[in-house]
Amino acid sequence: MFPDVRTFAGRAPIVNIANLLARAARSYPDNPASSSGSTVWANYAQLMKKVATMAAAFRDSLGLVPGDRIALGMTNCPQYLEVRYAAWCAGLIAVPMNAKLHSSEFSYLLADSGARVVFATPGLMAAVAPLLDELPDLDRVIEIGSADYEALGNGARQIEIYPSRPDDVAWLFYTSGTTGRPKGVMISHRNLLCAAQSYFTDVDLIGPRDCIVHAAPMSHGSGIYDCPHVLKAANQVTPESGRFDPEEVFSLCKHWGGVSMFLAPTMVHRLVVHARDSLSARESDHAFDVSGLKTVVYGGGPMYVADIREALRVLGPRFVQIYGMGEVPMTITALSREHIGDSEHPRYLERLASVGIAQSPVEVVVADEQDRPLPAGEIGEILVRGDVVAQGYWRNPEASAALLRNGWSHTGDLGSFDEDGFLTLRDRSKDMIISGGTNIYPREVEEVLIHHPAVAEVSVVGRAGSEWGEEVVAFVVPRSESAVTKESLNAFCLERIARFKRPRHYRFVESLPKNNYGKILKTELRDMLAAEGVEQAGHEADG
Ligand code: AMP
């Protein structure tokens, strides 16, 4: 007698992120929806049809039911969107996995999520296919581009978008596991919609003729940003190489125009070096054109002031910074293009070193150990709440409760606000060094050392030392062309920061250990130092 309550939006709202695609397909059917390199792969009408057909096949051929997990072991390619939106259309949970993982790490993610089907790009089949025999929940591994894959998109039946509830999980986002095992962050349809909408209020505007070039992995931030681009019926371009190659990125900017992309700071650095080298090589004919590059959104790790200033000098006012994390996808704070360009402001350099102001859908505070908000200027843990905050970790109630205690999502990052509401990250709380009873923030020391002309990369960590508690140790990657000495670095620090903050030891290394998203693994650096300590203690005991 009564209609399904799910049709009463006010009482039991329905939010399926796939509706963004249906909406774009209705209003902009002919707009390019996805492209491989410079070739259009599908327009919005074609993509929607494919997605609704695949979603039907997920039910009919693969026997999947709403709430089941399907995993994506895929490098960036146009089919990424097909699989992910088809999963959402069918009410399934997508589990995007970092394509650089080892087979044993894929195994862990698949077992933890209980995925029933994995889609794998050809290069990852060797790592993923053998897991079929190992994992009881896993029914199928389907290779992208295979006959089996094509059959899923060629059926006669299409289904309606599943009426998901706002808190239904859409995306299990596995943390990069810089400490311990990765955990699956449960990102809901509501979280994704909220993150997509705040892109327009806090990051940038997008028009239907614009595009996003997915130069960074779609399993991470770049993939989260496909939603605002679908919302505006913009084109999603995946580089043909499936990876980050500055030359290819610039040629795609030139081809498409109106290009945005999300890059980690290390990628921005590579882009800038490439542009700088190309510009100086081609100064005479002005052949190097960056006008097609509209916006680079950077985040995911610290951007040093020297690097962003050089990026602005070389590429112009094209940058926006965001601070986010899997648990609050892309949406904690933003440093706008205007703030990044406002070089006349009296506190310009401090602002450039900050991560900007709270994005509109979240409340952000800096708090003490009892989660009590601290005044501007004081350093504490950054806490976030709002509609974009994920509801916890998959099948891990203890970790979820710890994350969300007192109603706030605990970032594990330390920072401070200034009087104008600009947040400066000091460090991850676990990276802070306590020496002689005083806190030292490695980031501050790194900011100094990275300005030394002979330093290419640097990472600062603490090592247990008898006299002062922890000692400051700097791992330095020298620029290949220049010799660097401990004495010159020491003098450089003494001119710029308090004596107690300067590194007591330097290690010159060829490279720094990084995870698959390019984040420096300070845990490994600390482990290296701990192992040296054990060795040293052994020698001393022997002596
Ligand atoms: P993930 O969940 O892998 O995206 O990692 C999130 C973490 O990356 C945050 O908790 C921060 O420590 C770091 N992070 C994210 N954005 C920034 C940023 N703009 N500047 C510095 N660190 C950042």
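The values are calculated or read from the model by the stated rules, or taken from the named source; none is laboratory data. Values in this document were obtained by computation on a predicted structure and should not be read as measured data. Cβ placement follows ideal geometry from the backbone for every residue including glycine, while neighbour counts extend to all protein chains displayed. The protein model used for the area step is the full one, side chains on, heavy atoms only, and it has no ligands, DNA or RNA in it. Shrake-Rupley method; radii C 1.70, N 1.55, O 1.52, S 1.80 Å.
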Quiz item: Of the residues that make up segment 379-386, is at least one within 16 Å of the ligand (Cβ to nearest atom), of a type in the set (V, I, T), outside any strand (DSSP E or B) and in contact with a Ser or Thr (Cβ under 6 Å, 6 or more places away or on another chain)?
Solution: yes
Practice problem: Would you check if there is a residue in segment 296-307 being open to solvent by less than 10 Å² (accessible area, probe 1.4 Å) and in contact with a Lys or Arg (Cβ under 8 Å, 6 or more places away or on another chain)? | Solution: yes
Self-check item: Candidates I224, I212 - the one that is at pLDDT 95 or above, more than 16 Å from the ligand (Cβ to nearest atom) and either over 25 Å from Q79 (Cβ atoms) or not assigned by TED's automatic domain parsing to the domain that holds A33 (or both)
Solution: I212
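Quick check, is E350 among the charged types (D, E, K, R), out of contact with any strand residue (DSSP E or B) (no Cβ under 9 Å at 6 or more places or on another chain) and open to solvent by 50 Å² or more (accessible area, probe 1.4 Å)?
Working: among the charged types (D, E, K, R): yes; out of contact with any strand residue (DSSP E or B) (no Cβ under 9 Å at 6 or more places or on another chain): no; open to solvent by 50 Å² or more (accessible area, probe 1.4 Å): yes.
Considered against the rule, which asks whether it is among the charged types (D, E, K, R), out of contact with any strand residue (DSSP E or B) (no Cβ under 9 Å at 6 or more places or on another chain) and open to solvent by 50 Å² or more (accessible area, probe 1.4 Å), E350 comes out as no.
Just give me the residues in segment 412-441 being assigned to a strand (DSSP E or B), touching a helix residue (DSSP H, G or I) at 6+ places or on another chain (Cβ under 9 Å) and either more than 12 Å from the ligand (Cβ to nearest atom) or modelled with pLDDT of 90 or more (or both), in sequence order.
We begin by selecting, within segment 412-441, every residue assigned to a strand (DSSP E or B); these are 412-417, 423-428, 433-435, 438-440.
Checking which are touching a helix residue (DSSP H, G or I) at 6+ places or on another chain (Cβ under 9 Å) leaves us with 412-414, 424-428, 433, 435, 438, 440.
G412, D413, L414, T424, L425, I433, S435, T438, I440, listed by residue number.
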Quiz item: What is the residue count in segment 202-220 for residues that are under 14 Å from the mean Cα position of the chain (by Cα) and surrounded by 23 or more Cβ atoms within 10 Å (Cβ to Cβ)?
Solution: 6
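Quick one: is A196 open to solvent by less than 20 Å² (accessible area, probe 1.4 Å), away from the ligand (no atom under 16 Å from the Cβ) and assigned by TED's automatic domain parsing to the domain that holds A90? Walk me through how you get there before you give the answer.
Values: open to solvent by less than 20 Å² (accessible area, probe 1.4 Å): yes; away from the ligand (no atom under 16 Å from the Cβ): yes; assigned by TED's automatic domain parsing to the domain that holds A90: no.
Considered against the rule, which asks whether it is open to solvent by less than 20 Å² (accessible area, probe 1.4 Å), away from the ligand (no atom under 16 Å from the Cβ) and assigned by TED's automatic domain parsing to the domain that holds A90, A196 comes out as no.
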Quiz item: Do we find a residue being touching a residue at least 24 places away in the same chain (Cβ under 8 Å), under 28 Å from P228 (Cβ atoms), out of contact with any Phe, Trp or Tyr (no Cβ under 7 Å at 6 or more places or on another chain) and in the same structural domain as R26 (by TED's automatic domain parsing) anywhere in segment 126-144?
Solution: no
Exercise. Tally the residues that are over 23 Å from the mean Cα position of the chain (by Cα), of a type in the set (A, V, I, L, M) and open to solvent by less than 10 Å² (accessible area, probe 1.4 Å), restricting the search to segment 113-127.
Key: 1
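Could you list, in sequence order, all residues of segment 31-83 that are of a type in the set (F, W, Y) and in contact with a helix residue (DSSP H, G or I) (Cβ under 6 Å, 6 or more places away or on another chain)? Write out each step before concluding.
In the first step, residues of segment 31-83 are kept if they are of a type in the set (F, W, Y); the result is 41, 44, 58, 80.
Result: Y44, single match.
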Quiz item: Restricting attention to segment 264-272, does a residue exist that is surrounded by 22 or more Cβ atoms within 10 Å (Cβ to Cβ), away from the ligand (no atom under 16 Å from the Cβ) and either assigned by TED's automatic domain parsing to the domain that holds P442 or not in a loop (DSSP other than H, G, I, E, B) (or both)?
Solution: yes
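Those residues that are basic (K, R) and more than 21 Å from the chain's Cα centre (by Cα), I need them from segment 392-449; list them, please.
Going residue by residue through segment 392-449, those that are basic (K, R) are 395, 405, 426, 428, 430, 443.
Matches in segment 392-449: R395, R405.
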Quiz item: Quick check, is L404 in contact with a strand residue (DSSP E or B) (Cβ under 8 Å, 6 or more places away or on another chain), at pLDDT 95 or above, open to solvent by 20 Å² or more (accessible area, probe 1.4 Å) and of a type in the set (A, V, I, L, M, F, W, C)?
Solution: yes
Quiz item: Can you find even one residue in segment 172-179 that is farther than 18 Å from M330 by Cβ, outside the structural domain of P122 (by TED's automatic domain parsing) and open to solvent by 20 Å² or more (accessible area, probe 1.4 Å)?
Solution: no
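Might you check whether a residue that is free of Cβ contacts under 8 Å to residues at least 60 places away in the same chain, of a type in the set (S, T, N, Q) and within 11 Å of the ligand (Cβ to nearest atom) occurs anywhere in segment 304-321?
To start, the set of residues in segment 304-321 that are free of Cβ contacts under 8 Å to residues at least 60 places away in the same chain comprises 308-319, 321.
If we keep only those that are of a type in the set (S, T, N, Q) as well, we get 321.
Now restrict to residues that are within 11 Å of the ligand (Cβ to nearest atom): 321.
For segment 304-321, residues free of Cβ contacts under 8 Å to residues at least 60 places away in the same chain, of a type in the set (S, T, N, Q) and within 11 Å of the ligand (Cβ to nearest atom): present.
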Quiz item: Being in contact with a helix residue (DSSP H, G or I) (Cβ under 7 Å, 6 or more places away or on another chain), assigned to a loop (DSSP other than H, G, I, E, B), over 30 Å from D431 (Cα atoms) and open to solvent by 40 Å² or more (accessible area, probe 1.4 Å), is that true of even one residue in segment 130-149?
Solution: yes
Practice problem: Within segment 299-313, count every residue that is at pLDDT 95 or above and among the β-branched types (V, I, T). | Solution: 1
Self-check item: Identity of the residue in segment 227-253, of a type in the set (S, T, N, Q) and not in a strand (DSSP E or B), that ends up farthest from V273 (Cα to Cα)
Solution: S241
